[in-house]
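The values are calculated or read from the model by the stated rules, or taken from the named source; none is laboratory data. On a predicted model such as this, the values are computed, not experimentally measured, just so you know. Because the Cβ atoms are built from the backbone with ideal geometry, glycine has one as well, and the counts that use them run over all protein chains shown.
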Amino acid sequence: MSTRPDAKVADASVEKEQSMVLQKQLIAEHYEALSRARDEGKKIVYTFVPGNLTELIDCFDLLPVLPEINALQSGMRKLSGGYISEAEKIGHSEDVCTYVKCDIGMLKKGNVGPTGKKLPEPDLLLLSYTGCFTFMKWFELLQQEYDCPVAMLHVPYQADGRIHAHQVDYVVQQLRSEVIPKMEEVTGRRYDEERLQQSLQRSAAAEEDFVAVLESARNIPSPIDAYFGGVFYIGPIFTAFRGTQAGIDYYRLLRREIEARVEAGLGPITPDGPLDRERFRLVVEGPPNWTSFREFWKMFYEEGAVVVASSYTKVGGLYDRGFRHDASRPLETLAEYCMGCYTNLGLPSRVDLLERYVRDYSADGFLINSVKSCNSFSAGQLLILRQLEERTGMPGGFIESDLVDPRYFSAANIKNRIESYLQMLAQRGKQPVRGGPA
Ligand code: SF4
């Protein structure tokens with residue numbers, strides 16, 4: 001690891017790029033805004049990440065609470081284990097998605113959010129779920145807790161890997177007849193299509209820069225880690241900042257920093273500083289573990305393994321496949337966005353996507369992190385593994401962990417499997433060492 005003096009802000013132990021500082025600031029400010037919401041008369045909507053309607057929500061000045069983000073933040077702050085046992089005490093089984101149990105446990109403990117500030121109760125539950133039925137069950141539980149309306153948006157699954165015109169019409173019709181009227185009722189405001197269009201234009205601008213960031217990993221060495229670093233990059237665009245000037249500013253800054261790294265031939269920044277030597281380029285399928293996130297990441301960067309593309313960074317949209325929000329078709333573009341998220345894709349589409357990543361990003365191998373409690377990701381992963389091995393001629397790696405349940409992160413076992421897999425890749429062909437400061 002080396003240190004460089006440019007464009008970074010010093011933290012207690014680790015250097016941080018300015019974009020990282022800004023990202024944390026944005027997320028923290030959002031939690032601050034939520035804690036002030038009641039005093040400021042703001043209305044609150046609880047909703048989910050995949051298929052979120054951020055621009056429409058913002059159009060009504062609603063503030064979103066995203067339960068999955070609370071759960072993963074609680075995981076990173078080592079709070080999730082306690083919340084999960086709280087939920088299990090009241091009868092939620094071990095097999096239930098741990099995001100759900102973490103959220104329910106947090107709620108039962110007073111609904112104090114991961115930053116220590118109490119979360120406001122919802123004025124609306126907006127269920128625009130994509131691909132995973134658990135979302136519906138999750139909101140059924142929240143509905144029992146809160147006395148507020150529920151808006152349900154049913155998003156059809158991409159069964160044949162395509163979005164059909166009749167499906168777009170079906171979703172738009174629900175936006176007009178169900179979602180918008182509920183938002184109007186809750187906020188007392190009228191739907192303002194012009195405002196929505198302006199917001200969608202800002203979204204498309206940020207999406208351009210975001211895609212440039214993801215695609216920078218085609219460079220050898222890659223200037224980013226598209227999984228462990230990628231989860232920070234997706235934060236603003238997958239949550240409350242799509243359609244905002246703050247979102248545009250963040251992705252512009254991030255892109256500039258990464259382009260400078262490409263120019264200098266540098267690898268990604270890790271929690272222990274810049275990675276000088278790239279030995280393995282990997283594609284990863286499945287979400288990360290949050291309770292031991294840094295330890296998990298370290299298992300990769302210690303070996304010089306860099307993730308150049310991942311499916312997890314597509315749960316809130318497949319922008320790198322060309323989708324951009326289109327302000328000229330405001331409701332249609334929201335419908336297409338919802339249907340295009342990774343969790344809404346069938347297995348053949350997932351395999352195609354991952355195969356393309358392996359080839360386009362010159363990967364040496366691919367690894368699946370099978371998350372115990374997320375059926376939406378883990379169902380079919382062995383089939384994905386087999387098909388990818390056949391199509392790419394490469395052996396795949398397979399590890400198991402969980403999202404936010406610390407009981408299912410066996411560090412020694414996972415480290416052992418990752419090291420064995422990388423050794424196997426190394427034996428298949430000498431891995432060139434790439435990169436280092438120019
Ligand atoms: S099962 Fe997976 S996709 Fe579904 S809510 Fe849980 S974490 Fe999200």
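Exactly one of (1) modelled with pLDDT under 95; (2) touching a Gly at 6+ places or on another chain (Cβ under 6 Å) is unmet by Lys117. Its number?
Tallying (1) modelled with pLDDT under 95; (2) touching a Gly at 6+ places or on another chain (Cβ under 6 Å), Lys117 fails exactly one: (2).
For a quick check of your reading of the model, give me the residue pairs whose first member lies in segment 369-381 and is closer than 19 Å to Arg417 by Cβ, whose second is more than 7 Å from the ligand (Cβ to nearest atom) and of a type in the set (Val, Ile, Thr), with beta-carbon atoms closer than 6 Å and at least 6 apart or on different chains.
That search, which allows pairs on different chains as well, returns Asn369/Ile399; Phe377/Val371; Ser378/Val371; Gln381/Ile368.
Scanning segment 131-162 for residues that are crowded, with 19+ Cβ neighbours inside 10 Å and over 27 Å from Arg77 (Cβ atoms), which turns out farthest from the ligand (Cβ to nearest atom)?
Per the stated criteria, the residue is Ala151.
Please work out if Phe377 is more than 15 Å from the ligand (Cβ to nearest atom), of a type in the set (Phe, Trp, Tyr) and touching a Phe, Trp or Tyr at 6+ places or on another chain (Cβ under 9 Å). First the steps, then the outcome.
Details: more than 15 Å from the ligand (Cβ to nearest atom): no; of a type in the set (Phe, Trp, Tyr): yes; touching a Phe, Trp or Tyr at 6+ places or on another chain (Cβ under 9 Å): yes.
Against the criterion (more than 15 Å from the ligand (Cβ to nearest atom), of a type in the set (Phe, Trp, Tyr) and touching a Phe, Trp or Tyr at 6+ places or on another chain (Cβ under 9 Å)), Phe377 does not qualify.
Quick one: which of Leu127, Leu119, Leu62 is within 14 Å of Tyr31 (Cβ to Cβ) and either among the charged types (D, E, K, R) or in contact (Cβ under 8 Å) with a residue 60 or more places away in the chain (or both)? Talk me through it step by step, then tell me what you get.
Details: Leu127 fails: within 14 Å of Tyr31 (Cβ to Cβ); Leu62 fails: within 14 Å of Tyr31 (Cβ to Cβ).
Going through Leu127, Leu119, Leu62 in turn, the sole match is Leu119.
How do the pairs read when you match residues in segment 131-156 that are assigned to a strand (DSSP E or B) with residues anywhere that are within 13 Å of the ligand (Cβ to nearest atom), using Cβ under 6 Å and keeping only pairs 6 or more apart or on different chains?
Met152/Leu127
Is one or more of the residues making up segment 286-299 within 21 Å of the chain's Cα centre (by Cα), within 16 Å of the ligand (Cβ to nearest atom) and on the phi > 0 side of the Ramachandran plot?
Yes, segment 286-299 has at least one match.
Hey, among the residues in segment 58-71 that are part of a helix (DSSP H, G or I) and either crowded, with 24+ Cβ neighbours inside 10 Å or charged (D, E, K, R) (or both), which one's farthest from the ligand (Cβ to nearest atom)?
Within segment 58-71, the subset part of a helix (DSSP H, G or I) is 58-59, 67-71.
Next, only the ones that are either crowded, with 24+ Cβ neighbours inside 10 Å or charged (D, E, K, R) (or both) stay: 58-59, 68, 70-71.
Values: Asp58: 23, Cys59: 26, Glu68: 6, Asn70: 13, Ala71: 8 Å.
If we take residues in segment 58-71 being part of a helix (DSSP H, G or I) and either crowded, with 24+ Cβ neighbours inside 10 Å or charged (D, E, K, R) (or both), then Cys59 is farthest from the ligand (Cβ to nearest atom).
Could you list all residues from segment 362-374 that are within 15 Å of the ligand (Cβ to nearest atom), among the hydroxyl-bearing types (Ser, Thr, Tyr) and modelled with pLDDT of 95 or more?
Ser370
Restricting attention to segment 321-361, and to residues there that are β-branched (Val, Ile, Thr) and at pLDDT 95 or above, which single residue is surrounded by the fewest Cβ atoms within 10 Å (Cβ to Cβ)?
Applying the first criterion (β-branched (Val, Ile, Thr)) to segment 321-361 yields 333, 343, 351, 358.
Remaining after also requiring at pLDDT 95 or above: 333, 351, 358.
Values: Thr333: 23, Val351: 21, Val358: 23.
Taking the candidates together, the pick is Val351.
Here are some residues: Gly105, Gly51, Gly110. Which one is assigned to a loop (DSSP other than H, G, I, E, B), within 16 Å of the ligand (Cβ to nearest atom) and not acidic (Asp, Glu)?
Checking each option against the conditions leaves just Gly51.
From the set of residues in segment 315-331 that are among the hydrophobic types (A, V, I, L, M, F, W, C) and part of a loop (DSSP other than H, G, I, E, B), which is farthest from Arg202 (Cα to Cα)?
Among them, the one singled out is Val315.
For the condition surrounded by 19 or more Cβ atoms within 10 Å (Cβ to Cβ) and over 23 Å from Leu153 (Cα atoms), what is the one hit in Arg252, Arg256, Arg202, Arg242?
Working: Arg252 fails: surrounded by 19 or more Cβ atoms within 10 Å (Cβ to Cβ); Arg256 fails: surrounded by 19 or more Cβ atoms within 10 Å (Cβ to Cβ); Arg242 fails: over 23 Å from Leu153 (Cα atoms).
Result of the check over Arg252, Arg256, Arg202, Arg242: Arg202.
Out of the residues in segment 275-314 meeting the condition of being in contact with a Ser or Thr (Cβ under 7 Å, 6 or more places away or on another chain) and part of a helix (DSSP H, G or I), tell me which one is nearest to Pro236 (Cα to Cα).
It comes out as Trp297.
Need the failing condition index for Leu62 against (1) modelled with pLDDT under 95; (2) under 20 Å from Val155 (Cβ atoms), just the number.
It fails just one condition, (1).
Test of understanding: among Lys43, Lys109, Lys16, Lys117, which residue is out of contact with any Phe, Trp or Tyr (no Cβ under 8 Å at 6 or more places or on another chain), basic (Lys, Arg) and more than 18 Å from Gly316 (Cβ to Cβ)?
None of the other options fit; the residue is Lys16.
With in contact with a helix residue (DSSP H, G or I) (Cβ under 9 Å, 6 or more places away or on another chain), among the basic types (Lys, Arg), surrounded by fewer than 23 Cβ atoms within 10 Å (Cβ to Cβ) and part of a helix (DSSP H, G or I) as the only criterion, which of Lys16, Lys24 stands out?
Being in contact with a helix residue (DSSP H, G or I) (Cβ under 9 Å, 6 or more places away or on another chain), among the basic types (Lys, Arg), surrounded by fewer than 23 Cβ atoms within 10 Å (Cβ to Cβ) and part of a helix (DSSP H, G or I) holds for just one of Lys16, Lys24, which is Lys24.
Taking segment 372-429 as the search range and keeping residues that are in contact with a Ser or Thr (Cβ under 9 Å, 6 or more places away or on another chain) and among the acidic types (Asp, Glu), which one is farthest from Tyr342 (Cα to Cα)?
Top of the filtered list is Asp405.
Going through segment 108-127 one residue at a time, which ones are under 14 Å from Gly81 (Cα atoms) and of a type outside the set (D, E, K, R)?
Pro114
Among the residues of segment 88-102, which ones are more than 21 Å from Lys117 (Cβ to Cβ) and either away from the ligand (no atom under 12 Å from the Cβ) or among the aromatic types (Phe, Trp, Tyr) (or both)? Write out each step before concluding.
Of all residues in segment 88-102, those more than 21 Å from Lys117 (Cβ to Cβ) come to 88-98, 100-101.
Within segment 88-102, Glu88, Lys89, Ile90, Gly91, His92, Ser93, Glu94 qualify.
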